[in-house]
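The next block holds one structure in the form of structure tokens; read it before the comments.
The values are calculated or read from the model by the stated rules, or taken from the named source; none is laboratory data. From a predicted model like this one, the values you see are computed outputs, not experimental measurements. Quick reminder, even Gly has a Cβ in these numbers, built from the backbone with ideal geometry, and neighbours come from all protein chains shown.
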Number of protein chains: 2
Amino acid sequence: MEKIQVNNALLKQFKVWFQEGNLADLHNQLGQMYPQDIAAVIDRLNTEEARKVMNALDKEAVVKVLVETEQEAREQFLSAYSSYEIANEFIEKMNSDDAAYILNHFSNNKKEEIIAKLHDIEYASSLLELISYENETAGSLMALELVKAYEDWSVKKCIEEIRIQAENVESILVVYVVDDLERLKGIITLKNLILADPNEQIQKLFNKEVISVSTSAPVDEVANLTKKYDLMVLPVVDPLGRLVGRITIDDVVDLIKDEADEDYQLMSGITEDVDPTDKVWILSRARLPWLIIGLFGGIASSRFLALYEGQIMIHPEMAFFIPMIAAMGGNVGVQSSAIVVQGIANDTLGTKNIGQKILKELRVALLNGIICSLLILFYNLAFQDSYELALTVSFALLTVIIFASIFGTFIPMVLNQMKIDPALATGPFITTSNDLLGIVIYFSIGRLLY
Amino acid sequence: MEKIQVNNALLKQFKVWFQEGNLADLHNQLGQMYPQDIAAVIDRLNTEEARKVMNALDKEAVVKVLVETEQEAREQFLSAYSSYEIANEFIEKMNSDDAAYILNHFSNNKKEEIIAKLHDIEYASSLLELISYENETAGSLMALELVKAYEDWSVKKCIEEIRIQAENVESILVVYVVDDLERLKGIITLKNLILADPNEQIQKLFNKEVISVSTSAPVDEVANLTKKYDLMVLPVVDPLGRLVGRITIDDVVDLIKDEADEDYQLMSGITEDVDPTDKVWILSRARLPWLIIGLFGGIASSRFLALYEGQIMIHPEMAFFIPMIAAMGGNVGVQSSAIVVQGIANDTLGTKNIGQKILKELRVALLNGIICSLLILFYNLAFQDSYELALTVSFALLTVIIFASIFGTFIPMVLNQMKIDPALATGPFITTSNDLLGIVIYFSIGRLLY
């Protein structure tokens, strides 16, 4: 097997094989590819072609590829199978976390129907439990497959048990030590087991310093703990402290990356998770909401400016600086909100003292505001005729920077306290509201000074 | 040990202990804390207080904490030690990747001086090699500590060797199998070793499907491979295919998070890596460059608008829609560039065919532009007196959306081809240039239609 660049040339090659009916070369090529790369190919083929690729794979590979494809391709592929087939040909062969992930994309009725069709009743009951955890919690992310040992076992007994338990567990990173009530007591690494005397008691060997999360912990906490304490795998316990599952770091990587991508897109005014290969209307739909908010902001600005029609007619030079005032308000607001949103996400905000944070933000804004308004004052005094205009622009700029900064800090914090994703307050939302704010301040000051 | 919330109450408690000279309680508290949490405390204390905490720790803990603190706190702490002490009391006790990371924050002379003072010549020579790799490459990120086995070993021999090699390696995830020229041939997991017959040959057991990177591979590739193939650890090979180190996923997590944070900050117009606990002038300095770019953009807009002073005087209503046109240009530009920047970062752009991407972006822009300009046309026909204004605004909006979208797509792609970080082109840069573009288009069209 080798990593393969999934590019247009490769896709063209696949299409040639389909046309020629050349299954031998197709099969040969697929045999050399990792499931992740096959999935990437499938995501770019149409339903019929994707099915040809899937049919050319052996059963084990189909399951691996299915877990890696995008939701749309997976749904189209599975739509040709009955609940019974989905259960026993696909779900049954997956790790519990992958199975739960895929089941959760079906409707409630459908996923229960699929689970009920499973031959393996024990696995079915585990899956029922897994899909019952609330979205975005540790419980919804964990896998049930793990290797555990009881405190009173010897190393030898433990290794024998690993032989038995290991069949269901793809990668064993550590063995969890539990008491006879199944409560998590600690961990022992495979390295320590290999290096230990076989007759030694587990009790004397295991590490009691184990970081775990409860099933109801939010995924953000999972991500932050994993990152902070450099964990490879995080055990999940129920409210009574009993070991119920584990989350491996590779799933946390996906989580961190997805959340970062989502925040980045929200900040840039894109509301759905899209990527450049999506269809035009999906890309369009993801962007329209913020553009329409921008339109409303623009209409509000125009209505406000209409009140000053007379002033603009007499002093058209006031209009010259509308773009600057609006833009600076937007820029400062985005800067402030980004810092707060990131601080909340990374849990680096420290205390929850909103007043203190706003005060600090105010000092930063004051410093930047003074520097920027002095710069523009010098420019205007040097190159503009109107002394009043120069004063109005600088004074308005300073005020706008300070207000934009306060709003930029305040709004995401308030949203966060209201349990709304603070990232919603960044990007176009802040830009639009600060545009309007800036113009109101600018013309109000202009009326006073002129 | 337990996870501890590092908050103001805890910091206050530490300060009370310092005042009282209460070393017993301090020591006791520290004994219960993870190095990561102690480091978080130290990052928030002044130099003198931080030193008191460090002095209350045992030598082993000091090294662990030192690796976790922020650069500033670490430099201040180490400044009190000679190169000899830094080498043999701290660097010598660290994993090679941590040691190289910390050494790389010293000047070239200083780091070579420290390495030269190490008692352990072999380790010194390894560190010299590690610090020689270029920044942002796999070589600069890897650790040298790993466990390897030769193809012709038996399982028993391999486990014996692990006992010997394991002393230097904190966490063993897999054993690397090499040939007698040290070339990487495959991996064998500890699970497989435990489960295998001790007399079996490694040759028959190991997995030949191993994904590796070369020392010169960029860190982005490391991150993408780890994420895509769900790797826990990635072996690093030299140009001859010889195994030289390994990168564990916890370091990749830090990498992914740092890069995402950096892109997010760049997008929001913040040029340095800052967090909300930094000092006011650092926060200010990180934001000023983009604000000043915004100022220049604003000045350019004002100069352009000055050319239309007469028109504004006659038709002041044209000024009403300046904020909308500028804002929409900025919003659309940011949306387009964000999608491209993210596509480049995640390697999901597919082909490198710029023309095709721009064509697609154009279709999205056309769709959104038509929707937005029709909406504003209806609004203006209903609520504004001027038919010419309504046409000008809608026609300008459509044109601005299309141009902003093309620039937003084009600029990051060109930067990327020029090997400049495309994320630089997002946020304020795009906003500012599209503000200006929008106004030029709006008034040019206005002159034609009025």
Complete set of residues in the stretch B:298-314 that are in a loop (DSSP other than H, G, I, E, B) and crowded, with 21+ Cβ neighbours inside 10 Å: B:308
Mind listing whichever residues of the stretch B:217-233 are more than 10 Å from chain A (Cβ to nearest Cβ) and in contact with a strand residue (DSSP E or B) (Cβ under 9 Å, 6 or more places away or on another chain)? B:217, B:218, B:219, B:221, B:222
Go through (1) within 8 Å of another protein chain (Cβ to nearest Cβ); (2) crowded, with 17+ Cβ neighbours inside 10 Å one by one and return the number of the condition residue A:246 breaks. (1)
Total residues in the stretch A:304-319, condition under 19 Å from residue A:329 (Cα atoms) and out of contact with any Phe, Trp or Tyr (no Cβ under 7 Å at 6 or more places or on another chain): 3
Only one of B:220, B:263, B:254 that is of a type in the set (D, E, K, R), buried (at least 22 other Cβ atoms within 10 Å of the Cβ), under 18 Å from the mean Cα position of the chain (by Cα) and not assigned by TED's automatic domain parsing to the domain that holds residue B:130: B:263
In the stretch B:120-143, which residue that is of a type in the set (S, T, N, Q) and more than 20 Å from the chain's Cα centre (by Cα) is farthest from residue B:85 (Cα to Cα)? B:132
Would you be able to say whether some residue in the stretch A:414-429 is part of a helix (DSSP H, G or I) and farther than 30 Å from residue A:136 by Cα? no
Only helices (runs of 4 or more DSSP H) wholly contained in the stretch B:1-116 count here; list those with 1 or more residues that are within 13 Å of another protein chain (Cβ to nearest Cβ) and surrounded by 19 or more Cβ atoms within 10 Å (Cβ to Cβ). B:35-43, B:59-68, B:96-103
Can you name every residue in the stretch B:374-395 that is within 12 Å of chain A (Cβ to nearest Cβ), in contact with a helix residue (DSSP H, G or I) (Cβ under 8 Å, 6 or more places away or on another chain) and more than 13 Å from residue B:320 (Cβ to Cβ)? B:374, B:375, B:377, B:394
Restricting the first residue to the stretch B:302-320 and requiring it to be more than 7 Å from chain A (Cβ to nearest Cβ), which pairs with a second residue that is of a type in the set (Phe, Trp, Tyr) and assigned to a helix (DSSP H, G or I) meet a Cβ separation below 7 Å and a spacing of at least six or different chains? B:308/B:443
Exactly one condition in (1) at pLDDT 90 or above; (2) of a type outside the set (Phe, Trp, Tyr); (3) touching a helix residue (DSSP H, G or I) at 6+ places or on another chain (Cβ under 8 Å) is not met by residue A:187; state its number. (3)
With the condition kept exactly as written, say whether any residue in the stretch A:142-160 is part of a strand (DSSP E or B), in contact with a Pro (Cβ under 8 Å, 6 or more places away or on another chain) and more than 30 Å from residue A:193 (Cβ to Cβ). no
Could you tell me whether the stretch A:347-361 includes any residue that is within 8 Å of chain B (Cβ to nearest Cβ) and touching a residue at least 60 places away in the same chain (Cβ under 8 Å)? no
For the condition away from every other protein chain (no Cβ under 14 Å) and of a type in the set (Gly, Ala, Ser), what is the one hit in A:126, A:214, A:171? A:126
Filter pass, residue A:398 being within 26 Å of residue B:257 (Cα to Cα) and either of a type in the set (Ser, Thr, Tyr) or buried (at least 18 other Cβ atoms within 10 Å of the Cβ) (or both): no
Which condition number does residue A:251 fail, the rest of (1) modelled with pLDDT under 90; (2) more than 8 Å from chain B (Cβ to nearest Cβ) being met? (1)
Being out of contact with any Lys or Arg (no Cβ under 8 Å at 6 or more places or on another chain) and within 20 Å of residue A:33 (Cα to Cα) is the filter; apply it to the stretch B:230-243 and report the residue that is surrounded by the fewest Cβ atoms within 10 Å (Cβ to Cβ). B:230
Within the set of pairs 6 or more residues apart or between chains, which connect a residue that is under 16 Å from residue B:169 (Cα atoms) inside the stretch B:71-98 to a residue that is of a type in the set (Lys, Arg) and modelled with pLDDT under 90 with Cβ atoms less than 9 Å apart? B:93/B:59
Within the stretch A:275-293, residues being surrounded by 16 or more Cβ atoms within 10 Å (Cβ to Cβ), more than 7 Å from every other protein chain (Cβ to nearest Cβ) and closer than 23 Å to residue A:338 by Cβ number 2
With respect to residue A:180, is the statement that it is surrounded by fewer than 17 Cβ atoms within 10 Å (Cβ to Cβ), at pLDDT 85 or above, of a type in the set (Asp, Glu) and under 27 Å from residue B:427 (Cα atoms) true? no
Considering only the stretch A:254-269, how many residues are more than 23 Å from residue A:172 (Cα to Cα) and either at the interface with another protein chain (Cβ under 7 Å from one of its Cβ atoms) or of a type in the set (Ser, Thr, Tyr) (or both)? 9
Test each condition in (1) closer than 23 Å to residue B:137 by Cα; (2) within 14 Å of another protein chain (Cβ to nearest Cβ); (3) of a type in the set (Gly, Ala, Ser) for residue B:196 and report the one that comes out false. (1)
